[in-house]
1. To the nearest 500 deg cm²/dmol, what mean residue ellipticity at 222 nm is calculated for the chain from DSSP H runs of n ≥ 4 alone, each contributing -39,500 (n - 2.57), summed and divided by the residues?
2. Expressed as a whole number of Å, what is the distance separating the alpha-carbon centroids of the stretch 3-37 and the stretch 112-135?
3. Ordering 67, 1 from largest to smallest accessible area (1.4 angstrom probe), what's the sequence?
4. To the nearest 10 square angstrom, how much accessible area does residue 119 have with a 1.4 angstrom probe?
5. Given a 1.4 Å probe, how much area per residue of the stretch 1-49 is accessible, in Å²?
6. Classify the stretch 1-104: rounded, prolate or oblate, from the alpha-carbon gyration tensor (a ≥ b ≥ c, eigenvalue square roots; a/c under 1.5 rounded; otherwise prolate if a/b is larger than b/c)?
7. Could you look at the chain and say what percent of its accessible area is carbon and sulfur, using a 1.4 Å probe and all protein chains?
8. Structure shown: which of 40/103; 40/97; 97/119; 119/145; 29/138 lie over 19 Å apart, alpha-carbon to alpha-carbon?
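The values are calculated or read from the model by the stated rules, or taken from the named source; none is laboratory data. Keep in mind that what you see is a predicted model, and the values were worked out from it rather than measured. Cβ coordinates were reconstructed from backbone atoms using ideal geometry, including for glycine residues, and neighbour counts include every protein chain displayed. Ligands, DNA and RNA are stripped out before the accessible areas are found, and what is left, the full protein with its side chains, is counted by its heavy atoms. Shrake-Rupley method; radii C 1.70, N 1.55, O 1.52, S 1.80 Å.
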Amino acid sequence: MGVFSYHHETTSPVAPARLFKAFTVEAPKVWPTAAPNAVKSIEAEANPSSGSIVKINFVEGFPFQYMKYKLGEHDENNLSYSYSLIEGGPLGDKLEKISYENKFEAAAGGGSICKSSMKFYTVGDNVITEDEIKARIKGSETVYKPLEAYLLANPEACN
């Protein structure tokens, strides 16, 4: 097994606290509404915590049916959270899991910066290229961009 690390930053006009809530505690409610062309539903425990498993079900015709995540720590004060993709989605037969650490920070001109650190754990001697990683990040925009648009159009959401 190999481990490949990658760091990515993206900006958003949405405030950091709202994005944090949209990606953590309010995700099961917000994602299917904000991204109905991608997310069918999210199955999570009533009060998910570190170690809980969350299943995201995608709509028919999406490149994959579902993804399962194991939640790590999340810190509302620092607007940071971690999780590991452990089943389904883009793992295929090449990846065992992908671990993420995300943090939302205020951007100088308003909005936010999302800083992500990812670790890709490959199966056997497989490798993952930077182009493959960038393609996976681009694929996640099918949820991220509609979610961002939803939050901008609905200022009361995730406050």
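1. My calculation for the chain gives -8000 deg cm²/dmol from helical runs alone.
2. Result: 18 Å between the Cα centres.
3. Largest to smallest exposure gives the sequence 1, 67.
4. Surface open to solvent at residue 119 totals about 90 Å².
5. Values: 2720 Å² over 49 residues.
Heavy-atom SASA per residue in the stretch 1-49 reads 56 Å².
6. rounded
7. 50
8. 40/103; 40/97; 119/145; 29/138
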